[in-house]
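Written below as structure tokens is the structure these notes are about.
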């Protein structure tokens, strides 16, 4: 395997793409796609399937939804293509999308093709030598916060996204929509999450701002410069992007922001920001407030909501595993993790802490 393929794997058997129709389709519709097609898979994601496609020395990334039924509005390749076909002009960290295919006879689902950005991803832990460089990790955390604030400062109309989504009533729709998704994905080994959902319904805050939202912004959805990870080279996974209250985005980031004092199962899915050098959640909140000028006085609600949302996302993945729609062994113990996350949310409601 060449160095340029180090972040990819052989395509998982159950997630193979039939190239019989794909290769001629790309030859016809993707500029620069000449010669034989080779396909590898990016193995780090949990939901959408992402592939490296190569024609000779030319490389692109192909994205399609996961196998099996998906929740309405989720894994929206048309939305992701729409965003990435224009956003790069005002937010250079967004890769550029080139081609959207909605003909399911090609690969069995919508898919789109975008540019490949080269970088490293920090996932469950910080790789050597960076884990022992608190000065660099401080910069990684600061960039993570600052790049989100920069996204929220982009005028949606200036990048052709002034009509994206429905910002009016966005928070309420999110609350009731994620509660519905939760009930649709329940398995016998996962609790019903009351009174968590009741608290969310009764305490919905009023939106103060409208901005472009990434809607899944976290450390492992960014690519970092291998020579200096404090510099971000790309923000990935835009299929849930919309317009709405920006604290929804920042609340998710803090929901996943691990600290050294966190322990046990509550660390599942948390970013490895407990390493020396990273800011605390409180410090990150203060930095975002300074950078964005936002009022974050009700930030606690947005963090708690995102704890629930994270539990639902994992549960939607877990039910696909229990149904045999994916055989990825990473998902086998996810039900226990979902229960631990909902317990964490209830504890946060009682404590009022981030």
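The values are calculated or read from the model by the stated rules, or taken from the named source; none is laboratory data. None of the values given here were measured: they were computed from a predicted structure. Neighbour counts are summed over all protein chains in view; Cβ atoms, including those assigned to glycine, are modelled from backbone coordinates with ideal geometry.
Table: residues versus (1) part of a helix (DSSP H, G or I); (2) assigned by TED's automatic domain parsing to the domain that holds residue 203; (3) closer than 23 Å to residue 204 by Cα.
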{"residue": "296", "(1), (2), (3)": "no, yes, yes"}
{"residue": "300", "(1), (2), (3)": "yes, yes, yes"}
{"residue": "304", "(1), (2), (3)": "yes, yes, yes"}
{"residue": "307", "(1), (2), (3)": "yes, yes, yes"}
{"residue": "310", "(1), (2), (3)": "yes, yes, yes"}
{"residue": "316", "(1), (2), (3)": "yes, yes, no"}
{"residue": "319", "(1), (2), (3)": "yes, yes, no"}
{"residue": "336", "(1), (2), (3)": "yes, yes, no"}
Selection within region 34-56 - within 23 Å of residue 236 (Cα to Cα) and assigned to a loop (DSSP other than H, G, I, E, B): 42, 43, 44, 45, 46, 47, 48
Just give me the residues in region 197-214 being loosely packed, with under 14 Cβ neighbours inside 10 Å and within 25 Å of the chain's Cα centre (by Cα), in sequence order. 201, 206, 208
For region 181-196 the number of residues that are more than 18 Å from residue 337 (Cα to Cα) and either modelled with pLDDT of 95 or more or buried (at least 19 other Cβ atoms within 10 Å of the Cβ) (or both) is 0
Condition first: surrounded by 19 or more Cβ atoms within 10 Å (Cβ to Cβ) and either over 20 Å from the mean Cα position of the chain (by Cα) or more than 25 Å from residue 138 (Cα to Cα) (or both). Can you find one or more residues in region 260-272 that meet it? no
Of all residues in region 91-108 being in a loop (DSSP other than H, G, I, E, B) and at pLDDT 95 or above, the one that is farthest from residue 149 (Cα to Cα): 103
